[in-house]
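Scroll down for the structure; my scribbles are underneath it.
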Amino acid sequence: MTEKQVLIPRWQKLLQQLYAKMDFMSGEELASSLQVNSRTIRSDVKTINAIFLVDGNKIEAVRGKGYRLELQDETAFLGWLAPFKEERFNLHVIPTLAEDRVAYIIRYLLLQNGFTKLDTLAEELYVSKSTINSDILDVKRKLAEHHLTLSKRASYGVKIEGSEVNIRFCFSKYLLSDSVSLLVSEEEQTFFGEIDLRKIQTIILASLEQYKVQMTDMAIKNLIIHVAIAVRRIKGAQYVHQGDLQDLEFNIQELRASQKIIREIETLESIKFPESELTYILLHVCSKHVLQSYNGYREIIIVNKMLEEIKRQYGYDFSAHQQFIANLALHLKPAVNRIKFNMNIHNPYLENIKTNYPLAFELGLVAREVLALELDQPISESEVGYLAIHFLYALSDASKERKKRVLLVCASGIGTAKLLESKIQKIFAEEIDIIGSYSLYEYKTGNWQADFVISTVPLGDALGEYVQVTPFLSEIDIRNIQKRLPSITSKNNFEQFFSANYFEILEEKYSKDQVLTLLAQKFEETSSDQKAFLESVKEREDIVATYLGNGLAVPHPIFAEVSETKIAVCIAREPVVWNEDGDVAQIIFMLAIKNKEQEHLSQVYEMISQVVETPKLAKEIKKATNFNEFIQILARLET
């Protein structure tokens, strides 16, 4: 599609009509619907067909019958009909895509206080009753995610039922989830009719400022919509029950801001908020408040448990990063309320984090499991995404501090020790931090904490990892030190992660389960328990499928004992369906990271991110015919 070949609104409406009907429509019928004459319809059809020619789609014209769509490539057609997500987010335009139709039905039913007949929905959406019956199955599934049900009564139709709080959360989900603006849009204002969203926004901003309650722009937009929903429901005599919001945690700032918002909204809309509705507004204020300090220990205790589990599973130790710990604890304070009351939270960064920062997302998943256990509540992926942002910050800081803490042991005097120290600092200034220089006796009698030791004399196996060098640091000595520095030795040296024994090309069709089993078998010799390894991989997939994008999936165990860090690779000529969304993988990397080798882990994920972000690279890997070709492709990566 070129910039000049853009469907004007009238053409889109014409196509919507034909797509909904999927049968002949007369020129007069289309002209009446679009408020033009038949000659304009004929002209539009001719122009549209010229544009559609490239995709093999067309509008068939038959004298005496009218016009009908003939689709050879429905995906391309839908791309023309709704090329941008913003165009599909319209609360009043009748949707043509099945997924949008389900959201429309949910919104439509939420607006009704009584039952709605399926015939009415079919007429509203210009589809058959059988199509509506099919959509209703998806509607029920989506409502169940919000603890709501769809009751059905003969001769009356269907109705959404559940607690008022859950109905409102569902309402906001299908009102806000696809919104592309942080400002109040015209569509949203039109949806709420006489409820003035911009005046509500003014009241909220003034109240938050007066009581020093800080919120993000997204949170403020979310609060505006929730206040508007509350006003609409109260006007319809639909109230929140006090018992639905017990054990809410809040501070005095949040309470005073909520009270001020309610007083002014009552005056603006000429309604009365009962006590339970104050609690409802307070819930949204305290669950979105960006705190600057905390006064409790529970969050710190939870954070410490998260970090202990991350250290156990991945080897990363963030216990000394006090700013990160404080930030994560501050994040948890409002998050606990959101989780406790099953509030839906939209995370616009989620897909970007999963795709581009998979390691941070993995750490977020570990943190989620700890938090879910503490609160005895399920936690959404959106919340995981926000946790991952904090871990991304911690990882970024860690990457700045990758210097190895090294002890020097020199048995031949201070002059030799200083010479060795000077040479090491000059060559490894960015990689090594020398924390002390000692004699052999001092070293053996002390209790030192270092990543490894550089010594001019043999130390023996019992005293930990060390590199023996000459005081003059020869080329061989330098190479031996480099072997202790993964950030140097691993650059474009992918043989340390990959090998031909862990490489497979599948020409035939395989299921996801078959691929996982096949790759897990590669680790039989390096895993202490191969069966447990496979089960752990499947357990991780059950949490969140490991598809990242560009046809790449990265399955791995939650925790496994392996003797070396390896990546098993499968290139599937036939795409493998990897998740419920229907995403298909053709490049599968199964990771097995040896415990305490997080330097490798970080580097592996950086490499994986480059594959995901580079379609051309992923395409080349899919076409690789052997292991050597595969390695040559990866060797071009910048790591």
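Values for this structure:
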{"item": "Wholly enclosed helices (runs of 4 or more DSSP H) of the range 331-404 bearing at least 3 residues at pLDDT 85 or above and touching a Gly at 6+ places or on another chain (Cβ under 7 Å)", "result": "381-400"}
{"item": "Meets criteria (without any contact (Cβ under 8 Å) to a residue 24 or more places away in the chain and part of a strand (DSSP E or B)) for residue 130", "result": "no"}
{"item": "Given (1) within 19 Å of residue 389 (Cβ to Cβ); (2) more than 27 Å from the chain's Cα centre (by Cα), index of the condition residue 346 fails", "result": "(2)"}
{"item": "Single match in 576, 604 (criterion: closer than 24 Å to residue 508 by Cβ, in the same structural domain as residue 521 (by TED's automatic domain parsing) and not small (Gly, Ala, Ser))", "result": "576"}
{"item": "Unique residue being small (Gly, Ala, Ser) and on the phi > 0 side of the Ramachandran plot when the list is 155, 207, 163, 151", "result": "155"}
{"item": "Number of the condition not met by residue 143 [criteria: (1) in contact (Cβ under 8 Å) with a residue 12 or more places away in the chain; (2) closer than 14 Å to residue 115 by Cα; (3) of a type in the set (A, V, I, L, M, F, W, C)]", "result": "(2)"}
{"item": "Residue selected from the range 477-523 under the condition among the aromatic types (Phe, Trp, Tyr) and closer than 18 Å to residue 541 by Cβ, by the criterion modelled with the lowest pLDDT", "result": "523"}
{"item": "Where residue 266 falls short, out of the listed (1) assigned to a helix (DSSP H, G or I); (2) crowded, with 23+ Cβ neighbours inside 10 Å", "result": "(2)"}
{"item": "Subset tally (residues that are within 11 Å of residue 14 (Cβ to Cβ) and not hydroxyl-bearing (Ser, Thr, Tyr)) for the range 30-58", "result": "8"}
{"item": "Exclusive hit being of a type in the set (D, E, K, R) and touching an Asp or Glu at 6+ places or on another chain (Cβ under 6 Å), set 141, 101, 168, 153", "result": "101"}
{"item": "Qualifying residues in the range 580-601 (those that are under 19 Å from the mean Cα position of the chain (by Cα) and either small (Gly, Ala, Ser) or within 13 Å of residue 359 (Cβ to Cβ) (or both)) - the one modelled with the lowest pLDDT", "result": "582"}
{"item": "Subset of the range 64-104 that is at pLDDT 65 or above and touching a Lys or Arg at 6+ places or on another chain (Cβ under 6 Å) - its residue that is surrounded by the most Cβ atoms within 10 Å (Cβ to Cβ)", "result": "95"}
{"item": "Residue 562 being in the same structural domain as residue 514 (by TED's automatic domain parsing), in contact with a helix residue (DSSP H, G or I) (Cβ under 9 Å, 6 or more places away or on another chain) and more than 19 Å from residue 506 (Cβ to Cβ)", "result": "yes"}
{"item": "All positions within the range 340-358 that are surrounded by 18 or more Cβ atoms within 10 Å (Cβ to Cβ) and more than 27 Å from residue 554 (Cβ to Cβ)", "result": "340, 341, 343, 344"}
{"item": "Selection count, the range 119-160, where residues are out of contact with any Leu (no Cβ under 9 Å at 6 or more places or on another chain), farther than 25 Å from residue 234 by Cα, surrounded by 16 or more Cβ atoms within 10 Å (Cβ to Cβ) and hydrophobic (A, V, I, L, M, F, W, C)", "result": "2"}
{"item": "Test: residue in the range 251-259 that is outside the structural domain of residue 375 (by TED's automatic domain parsing), assigned to a loop (DSSP other than H, G, I, E, B), within 33 Å of the chain's Cα centre (by Cα) and more than 24 Å from residue 348 (Cα to Cα)", "result": "yes"}
{"item": "Residue that is in contact with a Phe, Trp or Tyr (Cβ under 7 Å, 6 or more places away or on another chain) and either at pLDDT 85 or above or outside the structural domain of residue 335 (by TED's automatic domain parsing) (or both), where the choices are 200, 225, 262, 220", "result": "262"}
{"item": "Residue count for the range 1-27, restricted to those that are modelled with pLDDT under 80 and outside any loop (DSSP other than H, G, I, E, B)", "result": "9"}
{"item": "Where a residue in the range 615-626 is assigned by TED's automatic domain parsing to the domain that holds residue 505 and farther than 16 Å from residue 498 by Cα and its partner, wherever it lies, is in a helix (DSSP H, G or I) and at pLDDT 90 or above, with Cβ under 9 Å and at least six apart", "result": "620/629; 623/629"}
{"item": "Members of the range 506-520 that are assigned to a helix (DSSP H, G or I) and under 27 Å from the mean Cα position of the chain (by Cα)", "result": "512, 513, 514, 515, 516, 517, 519, 520"}
{"item": "Selected residue [touching a Ser or Thr at 6+ places or on another chain (Cβ under 7 Å), of a type in the set (A, V, I, L, M, F, W, C) and surrounded by 15 or more Cβ atoms within 10 Å (Cβ to Cβ)] from 617, 548", "result": "548"}
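Yes/no matrix, rows are residues, columns are (1) small (Gly, Ala, Ser); (2) under 29 Å from residue 144 (Cβ atoms); (3) not assigned by TED's automatic domain parsing to the domain that holds residue 235:
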site	(1), (2), (3)
268	no, no, no
276	yes, yes, no
279	no, yes, no
308	no, no, yes
322	no, no, yes
328	no, no, yes
333	no, no, yes
336	no, yes, yes
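A quick yes/no check of all residues on (1) over 10 Å from residue 404 (Cα atoms); (2) at pLDDT 85 or above:
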residue: 434; (1), (2): no, yes
residue: 450; (1), (2): no, no
residue: 455; (1), (2): yes, yes
residue: 464; (1), (2): yes, no
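The values are calculated or read from the model by the stated rules, or taken from the named source; none is laboratory data. Computed from a predicted model, the values in this text were never measured in an experiment. We place every Cβ from the backbone using ideal geometry, glycine too, and count neighbours over all the protein chains shown.
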